[in-house]
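The values are calculated or read from the model by the stated rules, or taken from the named source; none is laboratory data. Please read these numbers as outputs of a predicted model, since none were measured by experiment. Here the Cβ positions follow ideal geometry from the backbone for every residue, glycine too, while neighbour counts run over all protein chains shown. Areas reflect the complete protein model, heavy atoms only, side chains present, ligands, DNA and RNA absent. Shrake-Rupley method; radii C 1.70, N 1.55, O 1.52, S 1.80 Å.
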Amino acid sequence: MATIGFLHTAEVHVATFDHLVHSRLPGVGTVHAVEDGLLVRARADGPDSVATEVLRHVHALHGAGADIICCTCSTIGGVAERVAGHLTVLRVGTVFRVGTVFRVDRPMARCAVRSGPRILVLAALESTLEPTRALIEEEAATRGTIVRIGMVTVPDAWRHFERGDLAAYTEAVAATARARRDEADAVVLAQASMAGSESLLADLGIPILSSPRLAIAHAADLLGEDVLGESD
């Protein structure tokens, strides 16, 4: 059975991604690693400060059977992709190489640069903004597209999240998106935890992009090609 591994910095994401995988890919298993301290350190000392720990978790997820790995934290997602270059693990008895590690927001960034030149990025944590900007600019450069990126930290959002008040959290994100709607051709909800705000903004008339659903669609594509096989 194919397996997707997840590296999280919050326990709340385990249930979210289990539900998405088992709903879309019922024959695929999941394995999770959670360490909230990674985000704490990355915010204090920069994302590169946790590279060794991220590599350790990636190795452990591979050891637990993961065929591909998704890092669900936007702040350290770039680090997770970089450390994947150290992996040379081969699964015995198969013809594919294990080692596909991707950040949860990369598929979302690809969608964003296709949606129009004005991209509004909302984040609950300031530490997420610059990694997200760099990712969108990277994807835009790959497509030869020019984008204008607006960056906004949603007031009080992270305080609501840390208290476990997800309703107030999603409402704060949605309120900020509505207030800035005229500045954007697409709104990027930069953190996976913000996905609940997507449904609150369905009437806004522009793409509202959150990462979990798009990441699982990307994982399905990877598994279809590399694990499940495709017949000619």
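Observations on the model:
- Every residue from region 1-58 that is in contact (Cβ under 8 Å) with a residue 12 or more places away in the chain, over 18 Å from residue 222 (Cα atoms), among the small types (Gly, Ala, Ser) and assigned to a loop (DSSP other than H, G, I, E, B): 10
- Selection status of residue 214, part of a helix (DSSP H, G or I), in contact (Cβ under 8 Å) with a residue 60 or more places away in the chain and out of contact with any helix residue (DSSP H, G or I) (no Cβ under 7 Å at 6 or more places or on another chain): no
- Considering region 26-54, the residues that are hydrophobic (A, V, I, L, M, F, W, C) and buried (at least 19 other Cβ atoms within 10 Å of the Cβ) include one that is farthest from residue 79 (Cα to Cα), namely 28.
- The lone exception for residue 231 - which of (1) at pLDDT 95 or above; (2) small (Gly, Ala, Ser); (3) open to solvent by 20 Å² or more (accessible area, probe 1.4 Å) it fails: (1)
- Sole exception among (1) at negative phi; (2) open to solvent by less than 60 Å² (accessible area, probe 1.4 Å); (3) out of contact with any Cys (no Cβ under 9 Å at 6 or more places or on another chain) for residue 215, by number: (3)
- Subset tally (residues that are in contact with a strand residue (DSSP E or B) (Cβ under 8 Å, 6 or more places away or on another chain) and in a helix (DSSP H, G or I)) for region 158-200: 9
- Subset of region 103-150 [of a type outside the set (S, T, N, Q), more than 17 Å from the chain's Cα centre (by Cα) and open to solvent by 10 Å² or more (accessible area, probe 1.4 Å)]: 114, 116, 117, 118, 141, 143, 144, 146, 147, 148, 149, 150
- Filter pass, residue 199 being open to solvent by 40 Å² or more (accessible area, probe 1.4 Å) and of a type in the set (Ser, Thr, Tyr): yes
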